[in-house]
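Colleague: This is the structure, below, for whatever I ask next.
The values are calculated or read from the model by the stated rules, or taken from the named source; none is laboratory data. These figures come from a predicted structure and were not determined experimentally. We place every Cβ from the backbone using ideal geometry, glycine too, and count neighbours over all the protein chains shown. Calculation scope for accessible area: heavy atoms of the full protein, side chains included, ligands and nucleic acids excluded. Shrake-Rupley method; radii C 1.70, N 1.55, O 1.52, S 1.80 Å.
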There are 2 protein chains.
Amino acid sequence: MRWVSSRAAIIVTGTEVLTGRVADRNSPWLAEQLRLLGVDIGQVIVVGDRRADLDAALAFLATSGLELIITTGGLGPTADDLTAEAVAAFQGRELELDEQLETRIAAIVERLSAGRGWTTDPVATAHAVRKQAYVPIGARVLEPVGTAPGLVVPPGDGCGGPVVVVLPGPPAELQQMWPAAVTDPLVVAAVPDREELRQGTVRLWGTPESELAAVLRGHGGDLSHLEITTCLRDGELEIVTRYHPGAERAYRELVSTIETSFAGSAFSLHGQTVDDIVAESLCSQGLTIATGESCTGGALADRLTRPSGASRFMLGGVVAYSNKSKADLLGVPTDLLDRHGAVSPEVAEAMAAGVRDRFGASVGVGITGVAGPGGGTEAKPVGLVQLCVASPATTLRRQVQVPGDRVDVRIRSVAVAMHMVRQAIARR
Amino acid sequence: MRWVSSRAAIIVTGTEVLTGRVADRNSPWLAEQLRLLGVDIGQVIVVGDRRADLDAALAFLATSGLELIITTGGLGPTADDLTAEAVAAFQGRELELDEQLETRIAAIVERLSAGRGWTTDPVATAHAVRKQAYVPIGARVLEPVGTAPGLVVPPGDGCGGPVVVVLPGPPAELQQMWPAAVTDPLVVAAVPDREELRQGTVRLWGTPESELAAVLRGHGGDLSHLEITTCLRDGELEIVTRYHPGAERAYRELVSTIETSFAGSAFSLHGQTVDDIVAESLCSQGLTIATGESCTGGALADRLTRPSGASRFMLGGVVAYSNKSKADLLGVPTDLLDRHGAVSPEVAEAMAAGVRDRFGASVGVGITGVAGPGGGTEAKPVGLVQLCVASPATTLRRQVQVPGDRVDVRIRSVAVAMHMVRQAIARR
């Protein structure tokens, strides 16, 4: 048995997304917003800029008993932007030029062009503006954030079915337009069930999925109201559970079972990422950190500086890609490089110590490895990475052999480093 | 009119993908592989680990006149992995235990566990292995790369329709299994039309989409056999055109029109990214590069070290997040920091010069800005970034005001820096 939620689906339009050139950043964001509204998401359909495929996707969803369809993209000024047309036809409504909207869009375009110092062809601009000002009769306009307006399009007379919310493709525009979309009376009426669908996340580091499956099978509690999904990535096993508030107690029992069964590996019981834990732990202890990287090329520094407020704990780092820079900028002794080679536990440790010293940081990280595809030897194959984390309390050293390609080696090495930092600064 | 291609669709399963926690890396990769085979992709459908939604997606695609459906994910050992079952039912086939396959999977699991030093519960393991060895009767098994086998499942007796290829979710496993899938006789028979669908990409830097739309409308040549899509991202306008080999001449005419109309901004006519151009240009001229970053936190170094062979030109970089590190590691004079502040053209230039000097590089890059969300002032608001590229031939300075959030500011700043490097080392 499940509680009944409103259901929604997302249609992402754009050949650039369908063919994989651009990652879809909108549907993940929208899925999370819908969850907070208690709206369950059934599917995401990606179609190219082809009218027939968009029409087929809308027709399929119309039969799925949904309350809401959200489309993203296809609102631009070029001929391949055809979402407004297709949605109008789907809802049985004609398109009509909204002249006041045209005037507002023209003002926006003028302001944007001036700000960017672009000189634009007035005829081309007028054409682009007019195209974006055609609106299905009876639809509500969501004011443009960029140049494209959004739309809330209810089913036309005699077409019962879902309300369609038409949003622009650029993520910043879509996100800024969302509050207006979700408070629109037509949308509120379509998804009246606003009981939040809760979501809890537990993360394990270093536990295989089969062990988790066994623990779940042996769990004595009631799992019938919990939708549990597990996913292994970058060495972390992530367990995400979605449930209605009535199942809160069953969820707590599950978390407690996982905590007991995997005491050593369950590093996050309440949704925090390893990044959150490292940042909080450094801040609360007044510690600072600096990174010395070779094969990861700055990806660890990048990750540590992503959270806002990173300047409270992150002093910086050195990307010492060449051997000479390992010596010059991190003070790795050249005889150590000569004797053990750049990819060695000794050099990783010297990099950690060196960067800690140069930046005057509490914690230093050293990473050196063979990212590939070239540079591997029998003794030091592609994927071999040496890591060291030196903190006031301890020095951790680790060697990993990462399967996969250059990208995998870099990403996994950064993940291992993050967990080593977490362990090195954990309060005992 | 279009040439007729075989058509395929992809179903991505996994609540973690549907709800946006994990990015789908498989469908972009598969879309590109299909294109090389001359197979056109119609849609990508993402569904959660719910049987009814997977069934509905399969049923919808069965009516779309496709030759091939590819599924990814849902082959693991846990109860939420149900793709094999759903596809068997869709094709009208029963599942049967393949005991030889079970033995082979057990051997793989044993080897993997030993390699990782995991101690596993034998009952849990045997259960997981057996679940993965159930195969639809009449399907062909694709040997496991991880622990899950893939499947090629033809329609059962009386069920005309597409062949379904069932692949595992982890990208490395899927990619290694692909050659076996695509040479399987059932797949070869399903998509016999193997004329490559060509794809050409042109990229502009600093041209608005409306200008391009005007040029396309004014283009004298025949566009009817070209499927043109445009996409603006990180300041680059990307124009991707898909076409059958017979339209090669029409495509060349289009490229020539764009080249003439946008001589200053069309930096890539044959698909190269700015990253490719920078790497090639540095290598061919025997130049080296080093980066001094503040607000971008290592993201530029990360990007420059991503291509294989980056060590030929990338010496390294300093992430100078704190002011002290700007002085200590990059030699930025403290009075410059005091007089102009860390976010100033003067400091960006001193960072570029400093990192160039410290690493002995031909080209130095300095980036300093206000990434936000905190730290902005009226004079130096969030999004203000100062950049400098110093090369043997020239010194380029630029100030940008990036709209959006912390992530946007970081990504856009790196893009601007890449284009400044491209311009600084372009042969005149």
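Colleague: In this structure, is B:VAL319 among the aliphatic types (A, V, I, L, M) and under 15 Å from B:LEU387 (Cβ atoms)?
Modeller: Numbers: among the aliphatic types (A, V, I, L, M): yes; under 15 Å from B:LEU387 (Cβ atoms): no.
Taking the combined requirement at face value, the residue does not satisfy it.
Colleague: Right, next: Checking A:VAL145 against (1) surrounded by fewer than 21 Cβ atoms within 10 Å (Cβ to Cβ); (2) touching a helix residue (DSSP H, G or I) at 6+ places or on another chain (Cβ under 8 Å); (3) among the β-branched types (Val, Ile, Thr); (4) over 21 Å from A:ILE10 (Cβ atoms): exactly one of these is not met. Which one?
Modeller: In the conditions (1) surrounded by fewer than 21 Cβ atoms within 10 Å (Cβ to Cβ); (2) touching a helix residue (DSSP H, G or I) at 6+ places or on another chain (Cβ under 8 Å); (3) among the β-branched types (Val, Ile, Thr); (4) over 21 Å from A:ILE10 (Cβ atoms), A:VAL145 misses (4) alone.
Colleague: Additional query: Considering each residue of segment B:403-426, count those that are farther than 19 Å from B:GLN285 by Cβ, open to solvent by less than 10 Å² (accessible area, probe 1.4 Å) and touching a Ser or Thr at 6+ places or on another chain (Cβ under 9 Å), and give that number.
Modeller: Pass one, segment B:403-426, residues farther than 19 Å from B:GLN285 by Cβ: B:403-416.
Adding the requirement that they be open to solvent by less than 10 Å² (accessible area, probe 1.4 Å) leaves B:409, B:413-416.
Remaining after also requiring touching a Ser or Thr at 6+ places or on another chain (Cβ under 9 Å): B:409, B:413-414.
Qualifying residue count for the region: 3.
Colleague: Quick check on segment B:119-140: of everything there that is touching a Leu at 6+ places or on another chain (Cβ under 8 Å) and open to solvent by 50 Å² or more (accessible area, probe 1.4 Å), which residue is farthest from A:ARG217 (Cα to Cα)?
Modeller: Top of the filtered list is B:ARG140.
Colleague: For B:SER362, which of the numbered conditions (1) at pLDDT 95 or above; (2) surrounded by fewer than 21 Cβ atoms within 10 Å (Cβ to Cβ); (3) out of contact with any Pro (no Cβ under 7 Å at 6 or more places or on another chain); (4) of a type outside the set (D, E, K, R) fails to hold?
Modeller: (3)
Colleague: For the list (1) without any contact (Cβ under 8 Å) to a residue 12 or more places away in the chain; (2) farther than 25 Å from A:SER210 by Cα, I need the number of the one condition that B:LEU61 fails.
Modeller: (1)
Colleague: Okay, next question. Within segment A:405-427, does at least one residue satisfy the condition of being assigned to a loop (DSSP other than H, G, I, E, B), touching a residue at least 24 places away in the same chain (Cβ under 8 Å) and within 18 Å of A:THR296 (Cα to Cα)?
Modeller: Applying the first criterion (assigned to a loop (DSSP other than H, G, I, E, B)) to segment A:405-427 yields A:405, A:426-427.
The next check asks that each one be touching a residue at least 24 places away in the same chain (Cβ under 8 Å); those that pass are A:405, A:426-427.
Add one more test, that the residue is within 18 Å of A:THR296 (Cα to Cα), and what stays is A:405.
Checked against the condition, which is being assigned to a loop (DSSP other than H, G, I, E, B), touching a residue at least 24 places away in the same chain (Cβ under 8 Å) and within 18 Å of A:THR296 (Cα to Cα), segment A:405-427 yields at least one hit.
Colleague: Here's another thing I want to ask about it. Return yes or no: is A:VAL22 within 30 Å of B:GLN33 (Cα to Cα), within 31 Å of the chain's Cα centre (by Cα) and either free of Cβ contacts under 8 Å to residues at least 12 places away in the same chain or at the interface with another protein chain (Cβ under 9 Å from one of its Cβ atoms) (or both)?
Modeller: Values: within 30 Å of B:GLN33 (Cα to Cα): yes; within 31 Å of the chain's Cα centre (by Cα): yes; either free of Cβ contacts under 8 Å to residues at least 12 places away in the same chain or at the interface with another protein chain (Cβ under 9 Å from one of its Cβ atoms) (or both): yes.
Considered against the rule, which asks whether it is within 30 Å of B:GLN33 (Cα to Cα), within 31 Å of the chain's Cα centre (by Cα) and either free of Cβ contacts under 8 Å to residues at least 12 places away in the same chain or at the interface with another protein chain (Cβ under 9 Å from one of its Cβ atoms) (or both), A:VAL22 comes out as yes.
Colleague: Test A:ALA290 against the stated conditions and say whether it is surrounded by 17 or more Cβ atoms within 10 Å (Cβ to Cβ), aliphatic (A, V, I, L, M) and within 22 Å of the chain's Cα centre (by Cα).
Modeller: Numbers: surrounded by 17 or more Cβ atoms within 10 Å (Cβ to Cβ): yes; aliphatic (A, V, I, L, M): yes; within 22 Å of the chain's Cα centre (by Cα): no.
For A:ALA290, the condition - surrounded by 17 or more Cβ atoms within 10 Å (Cβ to Cβ), aliphatic (A, V, I, L, M) and within 22 Å of the chain's Cα centre (by Cα) - is not met.
Colleague: If I filter segment B:244-264 for residues that are closer than 18 Å to A:GLY14 by Cβ and either in contact with a Ser or Thr (Cβ under 6 Å, 6 or more places away or on another chain) or without any contact (Cβ under 8 Å) to a residue 24 or more places away in the chain (or both), do I get at least one hit? Spell out the reasoning first.
Modeller: Step one: of segment B:244-264, the residues closer than 18 Å to A:GLY14 by Cβ are none.
Looking for residues that are closer than 18 Å to A:GLY14 by Cβ and either in contact with a Ser or Thr (Cβ under 6 Å, 6 or more places away or on another chain) or without any contact (Cβ under 8 Å) to a residue 24 or more places away in the chain (or both), one finds none in segment B:244-264, hence no.
Colleague: Spot the failing condition for B:THR147; the list is (1) modelled with pLDDT of 85 or more; (2) in contact with a Leu (Cβ under 8 Å, 6 or more places away or on another chain), and only one is missed.
Modeller: Single failed check for B:THR147: (1).
Colleague: Mind listing whichever residues of segment A:184-208 are modelled with pLDDT of 85 or more and under 21 Å from A:THR260 (Cα atoms)? Before the answer, list the steps.
Modeller: Taking segment A:184-208 and keeping what is modelled with pLDDT of 85 or more, we get A:184-190, A:198-207.
A:GLN199, A:GLY200, A:THR201, A:VAL202, A:ARG203, A:LEU204, A:TRP205, A:GLY206, A:THR207 - these are the residues of segment A:184-208 that are modelled with pLDDT of 85 or more and under 21 Å from A:THR260 (Cα atoms).
Colleague: Here is a further query. Just checking, how many residues over segment B:169-189 are farther than 29 Å from A:VAL402 by Cα and open to solvent by less than 20 Å² (accessible area, probe 1.4 Å)?
Modeller: Final tally of qualifying residues: 2.
Colleague: When you scan segment A:249-271, do you find a residue that is within 25 Å of B:GLY376 (Cα to Cα) and under 22 Å from the mean Cα position of the chain (by Cα), even just one? Walk me through how you get there before you give the answer.
Modeller: Within segment A:249-271, the subset within 25 Å of B:GLY376 (Cα to Cα) is none.
Scanning segment A:249-271 turns up no residue that is within 25 Å of B:GLY376 (Cα to Cα) and under 22 Å from the mean Cα position of the chain (by Cα).
Colleague: Could you say which residue among B:LEU300, B:LEU232 is within 14 Å of chain A (Cβ to nearest Cβ) and surrounded by 20 or more Cβ atoms within 10 Å (Cβ to Cβ)? Don't jump to the end; show me each part of the working.
Modeller: Values: B:LEU232 fails: surrounded by 20 or more Cβ atoms within 10 Å (Cβ to Cβ).
Answer to the check: B:LEU300.
Colleague: Then there's this: List the number of the failed condition for B:SER281; all other conditions in (1) open to solvent by 10 Å² or more (accessible area, probe 1.4 Å); (2) facing another protein chain (nearest Cβ under 7 Å); (3) more than 20 Å from A:LYS324 (Cα to Cα) hold.
Modeller: Unmet condition: (2).
Colleague: Name the residues in segment B:190-229 that are open to solvent by 30 Å² or more (accessible area, probe 1.4 Å) and in a loop (DSSP other than H, G, I, E, B), would you?
Modeller: Residues satisfying the conditions are B:PRO192, B:ASP193, B:ARG194, B:GLU195, B:GLU196, B:GLY206, B:GLY220, B:ASP222, B:LEU223, B:SER224, B:HIS225.
Colleague: Moving on. So which residues in segment A:83-100 are part of a helix (DSSP H, G or I) and either within 21 Å of A:LEU174 (Cβ to Cβ) or open to solvent by less than 50 Å² (accessible area, probe 1.4 Å) (or both), if there are any at all? Talk me through it step by step, then tell me what you get.
Modeller: Initial filter on segment A:83-100 (part of a helix (DSSP H, G or I)): A:83-90, A:99-100.
Within segment A:83-100, A:THR83, A:ALA84, A:GLU85, A:ALA86, A:VAL87, A:ALA88, A:PHE90 meet the criteria.
Colleague: For segment A:374-392, state whether one or more residues are free of Cβ contacts under 8 Å to residues at least 40 places away in the same chain, away from chain B (no Cβ under 14 Å), of a type outside the set (Val, Ile, Thr) and open to solvent by less than 10 Å² (accessible area, probe 1.4 Å).
Modeller: Looking for residues that are free of Cβ contacts under 8 Å to residues at least 40 places away in the same chain, away from chain B (no Cβ under 14 Å), of a type outside the set (Val, Ile, Thr) and open to solvent by less than 10 Å² (accessible area, probe 1.4 Å), one finds at least one in segment A:374-392, hence yes.
Colleague: Related question: Suppose we filter segment A:217-260 for residues that are of a type in the set (A, V, I, L, M) and within 23 Å of B:VAL47 (Cα to Cα); how many remain?
Modeller: Pass one, segment A:217-260, residues of a type in the set (A, V, I, L, M): A:223, A:226, A:228, A:232, A:237, A:239-240, A:247, A:250, A:254-255, A:258.
Those left that are additionally within 23 Å of B:VAL47 (Cα to Cα): A:223, A:226, A:228, A:232, A:237, A:239-240.
The total comes to 7.
Colleague: Still on this model: Can you tell me which residues in segment B:379-422 are more than 30 Å from A:GLU173 (Cα to Cα) and under 28 Å from the mean Cα position of the chain (by Cα)? Working first, answer last.
Modeller: The first filter runs over segment B:379-422 and keeps only residues more than 30 Å from A:GLU173 (Cα to Cα), leaving B:389-396.
B:VAL389 - this is the single residue of segment B:379-422 that is more than 30 Å from A:GLU173 (Cα to Cα) and under 28 Å from the mean Cα position of the chain (by Cα).
Colleague: Looking at the structure I just gave you, is A:LEU396 over 23 Å from B:GLY298 (Cα atoms) and out of contact with any Pro (no Cβ under 8 Å at 6 or more places or on another chain)?
Modeller: Numbers: over 23 Å from B:GLY298 (Cα atoms): yes; out of contact with any Pro (no Cβ under 8 Å at 6 or more places or on another chain): yes.
Yes; evaluated as a whole, the condition is true for this residue.
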